[in-house]
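The next block holds one structure in the form of structure tokens; read it before the comments.
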Amino acid sequence: MAELEYWTEQVKKGRISRREFMGRAAALGVTAAAASTLLAQAGVAAEPKKGGDAKFGLAHGATTDTLDPAAYPDTGTQVPFWGSMSNSLTEVDAKGNITMDLAESMEPSDGAKTWVCKLRKGVTFHNGKDFTADDVIASLRYHMGKDSKSAAKAVLEAITDMKADDKNTVIFKLSGGNADFPYIVSDYHIPILPANSDGTADWKSGVRTGPFVYDTYEPGVRAKLKRNVNYHKSGKPYFNTVEFLTIADVTARTNALTTGEIHWMSRADLKTLNLLGRNPDVAITELTGYGHYVFPMDVTQPPFDKVEVRQALKWAINRDDINKKVFLGHGVTGNDSPIAPSVKFARDPQPRYSYDPERAKSLLQKAGVSNLKVNLSVADTAFNGAVDAGVLYQEHAKAAGIDINVVREPNDGYWDNVWLKKPWCADYWGGRPTADWMFTVVYAKGAAWNETKWANPRFNDLLVIARAETDEKKRAEMYAELQQLVHDDGGALVLVFNNYVDAHSKKLAHGEIAPNWEVDGLRIAERWWFV
């Protein structure tokens, strides 16, 4: 029946769990045995089982990558070294809820200025060392030093004190209340590392607590890990080994999947998705998360230092046209707020940016700018379709008298040589499950990953106030204003909130897929298995 086919497709795509599917099938009068058969045919195994060596094709990875969690730039490091080798204190589940990981509980007091964190007992590092409160303190302090360049520094600045109450308890003191603190410590930049004897954190050895143990690594090529037989999560992981290959070219990734060189690939080619979907041995997964594609401008560099120029560029692009032609509708058109529609306190700022070349011309005149010519650096490693989006934008902007020179940068080294270096470029964000987290990491003054170098005084003051506000109605109003400020004054042009569209061999199976990050919340190695 058509309805059962629909729900089968939803569970294949990871939009509903196996349990939810079975419930819907029962409501339609389908027996449990028949429903299980349908799931098996769709590549969704009834029960996880152990064994096998899995290979994953990732769109990212560079020869300059390292094991240093302070600088994990993309899935090339995030997936193997955080999602596969490590654990944080907490993690986000498939519903977007915060759950405990190495923490057993986190309880607030004093208006969420104090958090008591009880740690999971019996956890050991890959080298056999016991996990204790000292490791937590060393791991977080690594990102908090005065000279730290960590992308997590901004979100941890509110911590004024950490102390071990005993070996299984850490007490955090914050400068102000923060109800989102358990979300913050789930950040993939903050894996728990073993503490050295001098109290510093050891990231260089690759010793962690996660489901897989470091084996070999060739930066920008591959990372191979083997099962941690002493993992603290009962029954996990399922694979014997996992290998992550950097395959930046989407055609090469697709070929690797169809020839059996890999079992799973990220960021499927939307242009050939229908063709790939016809392959009887391949399954497609698609879900909407918090991720978005952007063209960020450095607002400290001319001509982007003029707000009228920034706004003109925002009115000179036809985002719906790009969504339709480049992303083939696999996303939600952006409006220059980075807060995904599904995130709490999300508000669509007004007016919505639409394609209006005449308005763009008027803004340029107001700025005293004529014959605007700017460089836009792009590469498809930023996101699939970045080059095509740039070229299409170039055509849109001509009607506003804007000459956009699309600079096609090499994929390799893009994150080291272009992002945060060139005044205008392409980028992607996995998004964050809370508004405060996204704003603090990317838009707050001085944040390591403030790619636009934006420093709006009202925004920065209000961000601190909103973080500590416990009245939900007042907090909603504050986050609405914060989103409006980014929309009106900021330097980030948000193209779309992209769907995560991946493909895998039907030899693989999975449960409900988490949308908080790409690659099943970056934890595909822990959560998937062979049929």
Pick out, from the range 84-135, the strands (runs of 3 or more DSSP E) lying fully within it that include 3 or more residues that are not acidic (Asp, Glu).
98-100, 103-109, 114-119
Pairing a residue in the range 231-256 that is not assigned by TED's automatic domain parsing to the domain that holds Leu102 with any residue that is part of a loop (DSSP other than H, G, I, E, B) and of a type in the set (Lys, Arg), where Cβ atoms lie under 6 Å and the two sit 6 or more apart in sequence or on different chains, gives Tyr238/Lys50
Can you confirm whether the range 149-166 contains a residue that is buried (at least 22 other Cβ atoms within 10 Å of the Cβ) and assigned to a strand (DSSP E or B)?
no
Any chance Ile192 is more than 27 Å from Pro48 (Cβ to Cβ) and surrounded by 16 or more Cβ atoms within 10 Å (Cβ to Cβ):
no
Taking the range 51-93 only, how many residues are aliphatic (A, V, I, L, M), closer than 19 Å to Val185 by Cβ and under 13 Å from the mean Cα position of the chain (by Cα)?
1
Quickly run through the range 299-348 and pick out the residues that are acidic (Asp, Glu) and either assigned to a helix (DSSP H, G or I) or in contact with a Lys or Arg (Cβ under 7 Å, 6 or more places away or on another chain) (or both).
Glu308, Asp320, Asp321, Asp336
For the range 332-346, indicate whether the set of residues that are surrounded by fewer than 20 Cβ atoms within 10 Å (Cβ to Cβ) and over 30 Å from Met478 (Cα atoms) is non-empty.
no
In the range 361-403, how many are among the aliphatic types (A, V, I, L, M) and either more than 19 Å from Tyr293 (Cα to Cα) or over 32 Å from the mean Cα position of the chain (by Cα) (or both)?
9
Scanning the range 502-531 residue by residue, those among the aromatic types (Phe, Trp, Tyr) and surrounded by fewer than 24 Cβ atoms within 10 Å (Cβ to Cβ) turn out to be Trp529, Phe530
Could you run through the range 209-223 and say how many residues are out of contact with any helix residue (DSSP H, G or I) (no Cβ under 8 Å at 6 or more places or on another chain) and not in a strand (DSSP E or B)?
3
Tell me which residues, restricted to the range 132-157, are small (Gly, Ala, Ser) and in contact (Cβ under 8 Å) with a residue 60 or more places away in the chain.
Ala138, Ser139, Ser148, Ser150, Ala151, Ala152, Ala154
Tell me, yes or no, whether the range 171-183 has at least one residue that is in contact with a helix residue (DSSP H, G or I) (Cβ under 8 Å, 6 or more places away or on another chain), outside the structural domain of Ala252 (by TED's automatic domain parsing) and at pLDDT 95 or above.
yes
Mind checking whether some residue in the range 280-300 is free of Cβ contacts under 8 Å to residues at least 60 places away in the same chain, of a type in the set (Ser, Thr, Tyr) and more than 22 Å from Tyr443 (Cβ to Cβ)?
no
Scan the range 452-501 for residues that are within 18 Å of Gly177 (Cα to Cα), crowded, with 21+ Cβ neighbours inside 10 Å and touching a residue at least 40 places away in the same chain (Cβ under 8 Å) and report the count.
2
Being on the phi < 0 side of the Ramachandran plot, modelled with pLDDT under 95 and of a type outside the set (Lys, Arg) is true for just one of Ser88, Ser84, Ser148. Which residue is that?
Ser148
I'd like to know if the range 371-383 contains one or more residues that are in a loop (DSSP other than H, G, I, E, B) and surrounded by fewer than 19 Cβ atoms within 10 Å (Cβ to Cβ).
yes
I'm trying to understand the selection: among the residues of the range 41-54, which are more than 17 Å from Glu512 (Cβ to Cβ) and modelled with pLDDT under 70?
Gln41
Which residues, counting only those in the range 265-298, are surrounded by fewer than 17 Cβ atoms within 10 Å (Cβ to Cβ) and of a type in the set (S, T, N, Q)?
Thr272, Asn274, Asn279
Give the residues of the range 340-351 that are under 25 Å from the mean Cα position of the chain (by Cα) and not hydrophobic (A, V, I, L, M, F, W, C), sorted by residue number.
Pro341, Ser342, Lys344, Arg347, Asp348, Pro349
Given the criteria within 13 Å of Phe81 (Cβ to Cβ) and either free of Cβ contacts under 8 Å to residues at least 60 places away in the same chain or touching a helix residue (DSSP H, G or I) at 6+ places or on another chain (Cβ under 8 Å) (or both), does Pro191 qualify?
yes
From the options Thr160, Thr77, residue that is free of Cβ contacts under 8 Å to residues at least 40 places away in the same chain, under 27 Å from Thr381 (Cα atoms) and not assigned by TED's automatic domain parsing to the domain that holds Glu9
Thr77
From Thr216, Thr200, residue being closer than 30 Å to Ala382 by Cβ, surrounded by fewer than 17 Cβ atoms within 10 Å (Cβ to Cβ), outside the structural domain of Phe131 (by TED's automatic domain parsing) and not acidic (Asp, Glu)
Thr216
Number of positions in the range 424-458 that are at positive phi and among the charged types (D, E, K, R)
1
If you go through the range 401-430, how many residues are in a loop (DSSP other than H, G, I, E, B), crowded, with 23+ Cβ neighbours inside 10 Å and in contact with a Phe, Trp or Tyr (Cβ under 9 Å, 6 or more places away or on another chain)?
1
From the option list Glu308, Glu243, single residue qualifying as at pLDDT 95 or above and under 23 Å from Asp53 (Cβ atoms) is Glu243
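The values are calculated or read from the model by the stated rules, or taken from the named source; none is laboratory data. Note that the structure is a prediction, hence the values are computed from the model and not measured. Positions of Cβ are backbone-derived with ideal geometry, glycine not excepted, and every protein chain shown enters the neighbour counts.
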